[in-house]
Amino acid sequence: MAGLPVLGAAVLLLALLAAGGAIPPPEEAARMARFVLHNCDWGALATLSAQEGLRGRPFANIFSLSDGPPGPFSGSGVPYLYLTDMEISVQDLEINSNASLTVSLAQTPYCKKHRYDPQNPLCAHIIFCGSIVKVNDSEAGLAKKALFSRHPEMESWPKDHNWFFAKFNITNIWVLDYFGGLKIVTPEEYYSVKP
């Protein structure tokens, strides 16, 4: 029974993506960035490795994320993560908090429906650059609601792993959603629009 709200949200997302009209047009790059992030449940986070034998080399890893509960217009645009110091990428971030985060509509039904390869620009993907920061106490409730509404399993993860809420502090945004190259969106433009 606990999975019903999540299932309902997934059905709503599938309906929105299947409608075709829900995808912002290519000329609205900031809206596209917000839309793609809000419709993705995970992303590839790249750090500079601090691990022996890999030190200073790029290292990408998959992380669950959320900018808010599922549903249209409910996203904040802030990518929240649930992390532990035991995770290898988090150990990298303790040395250098700079990172990039890539999210793509390839993880949604949209690209398969249209037979877009994940590398096809029409299968929109967004690259964020910035840093990972722990959220403060006043933002922890928002992060918890955003993440646990999409990833309910997280609530049962081992308490002795010292999980904490973090966010991706966005400084640069690149949008690839059409032919002709990347579009640059400022954080100010990004946060001023709704998906």
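The values are calculated or read from the model by the stated rules, or taken from the named source; none is laboratory data. Note that this is a predicted model, so its numbers are computed, not measured. In this analysis, Cβ positions are derived from the backbone assuming ideal geometry, glycine residues included, and neighbour counts consider all displayed protein chains. Side chains included, ligands, DNA and RNA excluded: accessible areas come from the protein's heavy atoms. Shrake-Rupley method; radii C 1.70, N 1.55, O 1.52, S 1.80 Å.
What the table shows:
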item	result
Selection within the range 51-94 - in a strand (DSSP E or B) and of a type outside the set (Phe, Trp, Tyr)	Pro58, Ala60, Asn61, Ile62, Ser64, Ser66, Leu81, Leu83
Given (1) touching a Ser or Thr at 6+ places or on another chain (Cβ under 6 Å); (2) at pLDDT 95 or above; (3) over 17 Å from Glu153 (Cα atoms), index of the condition Leu17 fails	(2)
All positions within the range 56-96 that are of a type in the set (S, T, N, Q), farther than 18 Å from Gly141 by Cβ and either open to solvent by less than 20 Å² (accessible area, probe 1.4 Å) or touching a residue at least 40 places away in the same chain (Cβ under 8 Å) (or both)	Ser64, Thr84, Ser89, Gln91, Asn96
Residue match in the range 29-37 (condition: among the charged types (D, E, K, R), part of a loop (DSSP other than H, G, I, E, B) and either in contact (Cβ under 8 Å) with a residue 24 or more places away in the chain or surrounded by fewer than 17 Cβ atoms within 10 Å (Cβ to Cβ) (or both))	no
Number of the exception - Leu54 against (1) in contact with a helix residue (DSSP H, G or I) (Cβ under 6 Å, 6 or more places away or on another chain); (2) modelled with pLDDT of 90 or more; (3) more than 22 Å from Tyr178 (Cα to Cα); (4) not hydroxyl-bearing (Ser, Thr, Tyr)	(1)
Complete set of residues in the range 97-119 that are open to solvent by 40 Å² or more (accessible area, probe 1.4 Å) and either in contact with a strand residue (DSSP E or B) (Cβ under 8 Å, 6 or more places away or on another chain) or outside any helix (DSSP H, G or I) (or both)	Ser97, Asn98, Thr102, Gln107, His114, Arg115, Tyr116, Asp117, Pro118, Gln119
Breaking point among (1) surrounded by 16 or more Cβ atoms within 10 Å (Cβ to Cβ); (2) more than 15 Å from the chain's Cα centre (by Cα); (3) not in a loop (DSSP other than H, G, I, E, B); (4) not hydroxyl-bearing (Ser, Thr, Tyr), for Glu155	(1)
Residue in the range 19-28 that is surrounded by the fewest Cβ atoms within 10 Å (Cβ to Cβ), counting only those that are within 20 Å of Gly71 (Cα to Cα) and without any contact (Cβ under 8 Å) to a residue 24 or more places away in the chain	Gly21
Complete set of residues in the range 38-55 that are open to solvent by less than 20 Å² (accessible area, probe 1.4 Å) and under 15 Å from Tyr110 (Cβ atoms)	His38, Asn39, Cys40
Any chance Tyr190 is surrounded by 16 or more Cβ atoms within 10 Å (Cβ to Cβ), at pLDDT 95 or above and over 16 Å from the mean Cα position of the chain (by Cα)	no
Selection within the range 162-185 - assigned to a strand (DSSP E or B) and open to solvent by 40 Å² or more (accessible area, probe 1.4 Å)	Lys167, Asn169, Thr171, Asn172, Trp174, Lys183, Ile184
